[in-house]
Amino acid sequence: MTAMSDVTVLLLTFFMLTSTFVKKEPVQVSTPASVSEIKIPETNILQILIDTKGKIFMSLDKQPDMRAVLEGMGEEYGVSFTPDEVQKFSKMATFGVPMKNMKKYLEMSQEEQDAVLKDQGIPCDSLDNQFKSWVRTAKSTNPDLRIAIKADQKTPYSVIKKVMTSLQDIRENRYNLITSLKAVEAEKK
Amino acid sequence: MSADVEQKDSGKGKKGKQKKMKTRVDFTPMVDMNMLLITFFMLCTSLSKPQTMEISMPSNDKNITEDQQTKIKASTAITLLLDGKDKIFYYDGEPKYNDYSSLKETNYSADGLRAMLLGRNQAAMAKVKELKEKKLNMQISEADYLDKVSEIKNGKDTPVVIIKATDDATYKNLIDALDEMQICNIGKYVITDIVAGDKFLLKNFETKGSLSNSTAN
């Protein structure tokens, strides 16, 4: 029995040290493969998630940033949030709701939020470009943020172009594109 | 009982001899708990960290004057047009609107786009290969290697690739094209918006030059 417990403890240690927790994402995204071997840094990441239909979601990895960003956005769009709502928002893994629905969304329970989030998405049109405001606010609260775009491989280029031009407009010219490793992808096929 | 301590008397009459103690600890609950934790970690975490591709886009600031922009020689430029249905076209230098055969079709496989780009970037590839060997033989350090590679990539005679994607192209097409830039050691590439002229070229190619013929006549 001692041998077995040794093995399990070893495995446990291995898993604890090497793995990272999976973030809850509203939409399933399969990233395209590339040969690039640069690893993405763990902190100070502003992740932009784009699904096949072109819905945009965002996530930040630090709670104080989330809080500041929501307050900044509230000021810009004339929505005031109670401290409770800000607290609730800061605990979210991913967000992507138009500002006019934000207050209603924050009132919902966790289950309801999960159910509706995938039908929402941040508007990124030329008329109502809230995406741009989100990135700008996030960037002003934490200038060290790196922008990472995670899009599905079937996402049409027109959507990517929209995101890229929005980023260009606010002079964010350097960013990362998240991909998976090519070798792994080849085995799957 | 999770731990038993057994006592055994070896004999009755012998006094003064120490009692033998035999201990046995039951590990089963601990193993159970460990297994549970392992299962939890296996299901809730991911082992591989995602890769990333760094990219810098040109600024579209209107205040930049003509001479601040980098001009490229038309002769070294290759324009890639990414179309829908995983099609890819390219032309060299300036577009020739009256000749539909100036636009060539290729594909994303190793002997399509990659072979074409490698053919044009042979000088740089050879230099990078040489450097790689030097690095393997520990003649130069990793930092030196990276420095030199980027120097070669941005050298004067290396080709410049302009990537233009139509709205029908997918994100995968774009990544594949960018990937080829990495594989072929092309340091100078840019993603720009497709213009009406390029769309005309694509249509003209599809109809085998009937568009340019009709405009010429």
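Label separation (A:Asp125 vs B:Leu37): 5.3 nm, computed from points 7 Å beyond Cα along the C-beta direction. Does anyone have the angle between helix A:157-169 and the longest principal axis of chain A? Alpha-carbon axes, 0 to 90°, nearest 10? Roughly 70 degrees, rounded to the nearest 10. Taken one residue at a time, the phi angles of the stretch A:142-150 give Karplus couplings (6.51, -1.76, 1.60, θ = phi - 60°) of 9, x, 7, 4, 10, 8, 10, 9, 10 Hz. Gly and Pro are set to x. Given a cut-off of 37 Å, what percent of all Cα-Cα pairs of the protein assembly as shown lie beyond it? Above the 37 Å cut-off, the protein assembly as shown has 41 percent of its Cα pairs.
In this rough spin-label picture, where each label sits 7 Å from Cα along the Cβ direction, the A:Phe14-B:Leu136 distance is 3.0 nm.
Can you put A:Thr94, B:Thr79, A:Thr18 in order, fewest other beta carbons within 10 Å first?
Ordered from fewest to most neighbouring Cβ atoms within 10 Å, A:Thr94, B:Thr79, A:Thr18 come out as A:Thr18, A:Thr94, B:Thr79.
Counting only Cα atoms, the size of the stretch A:86-173 along its three principal axes is 37, 31, 25 Å, in decreasing order. Counting only the Cα atoms, chain A fills a convex hull of 170 Å³ per residue. Summary value for the stretch A:72-160: 24 percent relative contact order, contacts being C-alpha pairs under 8 angstrom separated by 6+ residues.
Our helix-only sum for chain A, with -39,500 (n - 2.57) per DSSP H run of n ≥ 4 divided by its residues, gives a mean residue ellipticity at 222 nm of -14500 deg cm²/dmol. Using the Cβ-Cβ distance between A:Asn142 and A:Ala115 with R0 = 41 Å, the FRET efficiency computed as 1/(1 + (r/R0)^6) comes to roughly 0.85.
Taking the Cβ-Cβ separation of A:Thr2 and A:Val86 as r and a Förster radius of 45 Å, what is the calculated FRET efficiency to the nearest 0.05? That gives a FRET efficiency of 0.30.
Summarising the strand pairing of the protein assembly as shown, around 60 percent of its internal DSSP beta bridges are antiparallel. Note on the stretch A:5-71: Kirkwood radius taken over Cα pairs, Stokes-Einstein applied at 37 °C and 0.692 mPa s, translational D equal to 214 µm² s⁻¹. If you count the DSSP beta bridges with both ends in chain A, what percent of them are antiparallel, to the nearest 5? Percentage antiparallel, nearest 5: 40.
Please compute the length gained on full extension between A:Lys23 and A:Val35, using 0.36 nm multiplied by the number of residues separating them and subtracting their Cα-Cα distance.
Working: separation 12, 0.36 × 12 = 4.32 nm, distance 2.39 nm.
Contour length minus Cα-Cα distance gives 1.9 nm.
Taking 0.36 nm per residue of separation and subtracting the current Cα-Cα distance, fully stretching the chain between B:Asn107 and B:Ala143 would add 9.5 nm. Around the amide H of A:Ile149, modelled in the peptide plane, lie the amide H atoms of A:Ile48, A:Asn176, A:Leu177, A:Ile178, all under 5 Å away and 5 or more residues distant in sequence or on another chain.
Throughout, read-outs are computed from the coordinates displayed, never taken from laboratory work. Nothing here was measured: the structure is a model prediction, and the numbers come from that model. Cβ: placed from backbone, ideal geometry, glycine included. Neighbour counts: every protein chain shown.
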